[in-house]
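Encoded as structure tokens, the structure appears first; notes follow it.
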């Protein structure tokens, strides 16, 4: 603890000692760290699934349906699915924005969200004929 | 046994010293630098057994195009796909895949965000008897 205290003291001391008469700057706000979360699960035909995540501050959120593959055989399933984001409501996700897309390795849906709890959703719109594994990436502040 | 937090204390000293030194350095402005990632080219060879699959992970350092070229394999097509590494247990969750025969042009070419990816080679049900050898090239940012 003493060392941390020393570290905290060292910064202002250093800045003051080397000021060169420069104008003091206003304290800057903290930028939330951007993180990427994975949502991997199994989706049955005509069902949906959601994943809750916490946005630490206002910023860009992107959702990527990266993978869709059959359970019992190798290979990707190029089916159009609906992915979206919204807010948790009861036992589901109240969708605010969504897009229909096939799997890909870049974000298919982006938006700007304020700090809070949100959910990412995936739903089969009638294209699945079998259960699939899926992987989504959610990048947010 | 090292006491918990010992490493942090040492880091605290190091950071403090660095701040003191850096804080008193000359104030000559430096030219902003941009980070560019050189394209990477990886080669991978292995074998696929009847009904089997094998995968390999790679890192994309910046958004760009992933090209996968199956350069050698047996006489029958085999499956090649790209996706995200499984969170547990190894393997690959595919986002796109093709039935491929060897060639010199990429069988898979797709945009991708920076991150961890994997390529998978798998039997399409056409391999019988001995495992089949293959070679492929992965080009990515």
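Sort the range B:51-131 into rounded, prolate or oblate with this rule: let a ≥ b ≥ c be the square roots of the eigenvalues of the Cα gyration tensor; rounded if a/c is under 1.5, and if a/c is not under 1.5, prolate when a/b is larger than b/c, oblate otherwise.
Working: a/c = 2.71, a/b = 1.42, b/c = 1.91.
Taking the square roots of the gyration eigenvalues as a ≥ b ≥ c, the range B:51-131 is oblate.
Efficiency by 1/(1 + (r/R0)^6): what FRET value for residue A:60 and residue B:56, r their Cβ-Cβ distance, R0 = 35 Å, to the nearest 0.05? Display every interim value, and only then the final one.
On the way: r = 31 Å, r/R0 = 0.90.
Working from the Cβ atoms, E equals 0.65.
Any chance you could list the semi-axes, whole Å, largest first, of the equivalent ellipsoid that the Cα gyration tensor gives for the range A:32-141, using √(5λ)? Intermediate results must be reported in sequence, preceding the final value.
Values: eigenvalues 116, 41, 24 Å².
Those come to 24, 14, 11 Å.
Coordinate-derived values only; no laboratory data. Everything numeric here is computed off the predicted structure, so don't read it as measured data. So basically every Cβ, Gly included, is an ideal-geometry build from the backbone, and we count neighbours across all protein chains shown.
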